[in-house]
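What follows is a short report on a single structure.
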Amino acid sequence: MSSYPVHTIDSAPAQSKPVLQQLQQAFGLIPNIAATMAASPVLINGFIGLFERVHASSLTEPQIQVLLLTNAVTNASEWPVAFHSALALKQGVHPADVDAIRHGGLPADATLAALSMLARALIEKRGRLAEADQRRFLEAGFSREQILEVIAVVAASTITNYTGSVARPPLEPPFQEFTWHAPAS
């Protein structure tokens, strides 16, 4: 059980309210993880700024969701895995690819697999990519600039992953069918 409050627009600090209103408009609800982040205007405002830029990158929404789901699984953060499983499916990522990522594997789609491998390598190697990691990504049809965009996605998702693991917000009913539990370490 979380000891962190899940804020509403009314209960959030004044500097967090605009972000919560923006998320309400974008998703039709305020995700509990964002409602938890709202306790810190610094965190929620930093997150939303990066989040907006990530979604305006050259990567497609299905590609971004594959990255976000891969990051959540790699960081063993349960709330984001459920949330991004639902969003990946909504964005048209094949259910078998979503399932593969959730189980620590790679999507069958070669392009999505390249994204997933790069994200996992960035996290597991703490940003110290080998030339082979970069070459595989480039050979899949991506650019060097997109490696930098993937870094931005990893940074944005690290905020939600760490918040999810520390604050443990409750999972909303629409995402409960995608509940995921981190493997015991």
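The values are calculated or read from the model by the stated rules, or taken from the named source; none is laboratory data. Values in this document were obtained by computation on a predicted structure and should not be read as measured data. Heads up, the Cβs are rebuilt from the backbone with ideal geometry, glycines too, and the neighbour counts pull from every protein chain shown. Surface accessibility is based on the protein's heavy atoms, side chains included, excluding ligands, DNA and RNA. Shrake-Rupley method; radii C 1.70, N 1.55, O 1.52, S 1.80 Å.
Would you tally the residues in segment 126-148 being under 18 Å from the mean Cα position of the chain (by Cα) and either part of a helix (DSSP H, G or I) or modelled with pLDDT of 95 or more (or both)?
Taking segment 126-148 and keeping what is under 18 Å from the mean Cα position of the chain (by Cα), we get 126-127, 146-148.
Subsequent filtering for residues that are either part of a helix (DSSP H, G or I) or modelled with pLDDT of 95 or more (or both) retains 146-148.
Residues in segment 126-148 being under 18 Å from the mean Cα position of the chain (by Cα) and either part of a helix (DSSP H, G or I) or modelled with pLDDT of 95 or more (or both): 3 in total.
If I ask for residues that are under 15 Å from Ile64 (Cα atoms) and open to solvent by less than 40 Å² (accessible area, probe 1.4 Å), which ones from segment 100-116 would you list?
Residues satisfying the conditions are Ile101, Pro107, Leu112, Ala113, Ala114, Leu115, Ser116.
Which is assigned to a helix (DSSP H, G or I), closer than 14 Å to Leu59 by Cβ and either of a type outside the set (Val, Ile, Thr) or free of Cβ contacts under 8 Å to residues at least 60 places away in the same chain (or both), of Ile123, Ile151?
On the way: Ile123 fails: closer than 14 Å to Leu59 by Cβ.
Matching residue, one of Ile123, Ile151: Ile151.
Please state which of the following conditions Ala182 fails to meet, knowing it meets all the rest: (1) in contact with a Leu (Cβ under 9 Å, 6 or more places away or on another chain); (2) surrounded by fewer than 14 Cβ atoms within 10 Å (Cβ to Cβ).
For Ala182, the failing item is (1).
Answer yes or no: is there a residue in segment 55-62 that is within 20 Å of Thr160 (Cα to Cα), hydrophobic (A, V, I, L, M, F, W, C), outside any helix (DSSP H, G or I) and open to solvent by less than 40 Å² (accessible area, probe 1.4 Å).
Yes, segment 55-62 contains at least one residue that is within 20 Å of Thr160 (Cα to Cα), hydrophobic (A, V, I, L, M, F, W, C), outside any helix (DSSP H, G or I) and open to solvent by less than 40 Å² (accessible area, probe 1.4 Å).
Yes or no: segment 135-148 includes at least one residue that is exposed (fewer than 12 other Cβ atoms within 10 Å of the Cβ) and touching a Ser or Thr at 6+ places or on another chain (Cβ under 7 Å).
yes
Based on this model, can you work out whether Gln24 counts as open to solvent by 60 Å² or more (accessible area, probe 1.4 Å), modelled with pLDDT of 95 or more and assigned to a helix (DSSP H, G or I)?
When the stated conditions are applied, Gln24 does not pass them.
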